[in-house]
1. For segment 155-198, what log10 I(q)/I(0) values come out of the Debye formula at q = 0.19, 0.20 1/Å, with one point per alpha carbon and no solvent?
2. Assign unit charges at the C-beta atoms only (+1 for Lys and Arg, -1 for Asp and Glu), then state the dipole size of the chain relative to its Cα centre in Debye, rounded to the nearest 20.
3. Quick one: if the Förster radius is 45 Å, what FRET efficiency do residue 140 and residue 173 give, using the C-beta to C-beta distance and rounding to 0.05?
4. Name the residue from 35, 87, 21 whose Cα lies farthest towards the positive end of the charge dipole of segment 1-158, charges +1 on Cβ of Lys and Arg and -1 on Cβ of Asp and Glu.
5. How much length would be gained if the chain were fully extended between residue 121 and residue 9, taking 0.36 nm per residue of separation minus their Cα-Cα distance, in nm to one decimal?
6. Using every Cα-Cα pair within the chain, state what percent have a distance larger than 31 Å.
7. In the chain, carbon and sulfur make up what percent of the accessible area (probe 1.4 Å)?
8. Would you rank 78, 16 by solvent-accessible area, highest first, keeping every protein chain in place and using a 1.4 Å probe?
Amino acid sequence: MSTDRKSRAEAAQETTERLITVARHAFAEKGFADVSLDALAAEAGVTRGALHHHFTNKAGLFEAVLRRVDAEIGDEITALWQQQADHWRCFQACFHVYLDALLRPDRARIIFQDAPAVLGMKAVDIFLESGFGEIVAELNTFLAEGRIRGRDGEALGHLINGATINLAFWAAEAPKGEDRLPRAHAALTALFDGLTLR
């Protein structure tokens, strides 16, 4: 009996993963408005009813895709973090990597064009809240060690996280032919330089 339940759970998880994978590619290529649920279901090898069962509607599936993108970026940053000895320098490097990761072409349309329209402020919250507790904990450590200016790790976390997200949106909205990313990185470096004590 438990084996049957496990098999059903595994099958449900496989269906969910397949739908997210197919939808992620479709949303990145075509954009939310031009993606057909019937086409997604067919490509994933499931019925439209199964899609609705797992995600309720297209917006629910899109949110799952956005959360998957956020998790992938988190994994990239974790891998970088584990390679560095100087945590304050690594902390800074992680935000620069985060900025680049948000603007990667296969993610940019999902994050900057469709997410605000489909999910509103919830989309921004997903990225602002991701790993925020760890950010604050690290900042409090840097404050205690006298490595950075300030007194409040939580407030600094909101400042840095919000600044990085806003720089990413600003860079993503650049007119065709204008590359704002180097300017965004320079501004982020200036922010960290202003916080650094040693």
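The values are calculated or read from the model by the stated rules, or taken from the named source; none is laboratory data. None of these values were measured; they are calculated from a predicted model. A quick note on method: Cβ atoms are made from the backbone with ideal geometry, for glycine too, and the neighbour counts reach across all protein chains shown. For the accessible areas, the whole protein counts, side chains as well, though only heavy atoms, and no ligand, DNA or RNA atoms are used. Shrake-Rupley method; radii C 1.70, N 1.55, O 1.52, S 1.80 Å.
1. -0.60, -0.64
2. 120
3. My answer for the efficiency is 0.85.
4. Final value for the positive-end residue is 35.
5. This chain segment gains 37.1 nm when fully extended.
6. 30
7. Working: 5630 of 10750 Å².
Answer for the chain: carbon and sulfur cover 52 percent of the accessible area.
8. On the way: 78 70, 16 30 Å².
Ranked list, largest accessible area first: 78, 16.
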